[in-house]
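Written out below as structure tokens is the structure these notes cover.
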Amino acid sequence: DVVDPISDITVYYGDPDQIIALFDVFEDAIDADTDLTYTIVGNSDPTVVTPSAISSTDGLLTLNFGAGGTSLITIKVENLAGGFVTEIFMVEVEKYPLTVRADAKTKTYGAINPELTITYEGFVDGDDEADLDIPPNVYTFADEASDVGNYTIYVTNGGDDKYQYLYV
């Protein structure tokens, strides 16, 4: 029987693994916890969460979180007589907020524009710019013939399965 259902889980990309104690979730009137067979029979999106093998000695299930998205996990618990129950729970991994800012630049009238660059704040899990699926674009309307003055440098578009871009 399911005595303490597993609550749906919502985390951010980069959050640490979570451990679920399945001995606290399932109970059998006849067989001991260590005599039950615990099996993951469903994972609707393995890019979102990767469950570990379940230890029959301690009943611990470790969830490792991946890219942003939602996955349904189904666990089947079977007793020695072949009776079983299943438990389904949802894991949602939110994209981690990543601040994206155009770097200020200066140029001399008549000169070509300097290379436009971006600064990022908020990478997790050892990620950096090279890990982004589609880096943002950076541009300005100023050119060699632009009058002296201040011009906005724009940062737009881009997208990633692990980060939510916050343009500032």
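The values are calculated or read from the model by the stated rules, or taken from the named source; none is laboratory data. Treat the numbers as computed from the prediction; the structure is a model and nothing was measured. Using ideal geometry, Cβ is built from the backbone for each residue, glycine included, and neighbour counts are taken over all protein chains shown. Note: accessible area is taken over every heavy atom of the protein model, side chains too, but ligands, DNA and RNA are not part of it. Shrake-Rupley method; radii C 1.70, N 1.55, O 1.52, S 1.80 Å.
A quick yes/no check of all residues on (1) of a type outside the set (S, T, Y); (2) touching a Lys or Arg at 6+ places or on another chain (Cβ under 9 Å); (3) on the phi > 0 side of the Ramachandran plot:
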{"position": "V11", "(1), (2), (3)": "yes, no, no"}
{"position": "I20", "(1), (2), (3)": "yes, no, no"}
{"position": "T39", "(1), (2), (3)": "no, yes, no"}
{"position": "V48", "(1), (2), (3)": "yes, no, no"}
{"position": "S55", "(1), (2), (3)": "no, no, no"}
{"position": "D58", "(1), (2), (3)": "yes, no, no"}
{"position": "T62", "(1), (2), (3)": "no, no, no"}
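Could you please let me know if A130 is open to solvent by 40 Å² or more (accessible area, probe 1.4 Å) and over 30 Å from P16 (Cα atoms)?
Spelling it out, it is not the case that A130 is open to solvent by 40 Å² or more (accessible area, probe 1.4 Å) and over 30 Å from P16 (Cα atoms).
Of all residues in the stretch 6-44, which are open to solvent by 80 Å² or more (accessible area, probe 1.4 Å), closer than 23 Å to G83 by Cβ, touching a strand residue (DSSP E or B) at 6+ places or on another chain (Cβ under 9 Å) and not β-branched (V, I, T)?
E27
Could you list all residues from the stretch 76-106 that are over 28 Å from I134 (Cα atoms) and outside any strand (DSSP E or B)?
Once the filter is applied, which keeps residues that are over 28 Å from I134 (Cα atoms) and outside any strand (DSSP E or B), the stretch 76-106 yields N79, L80, A81, G82, G83.
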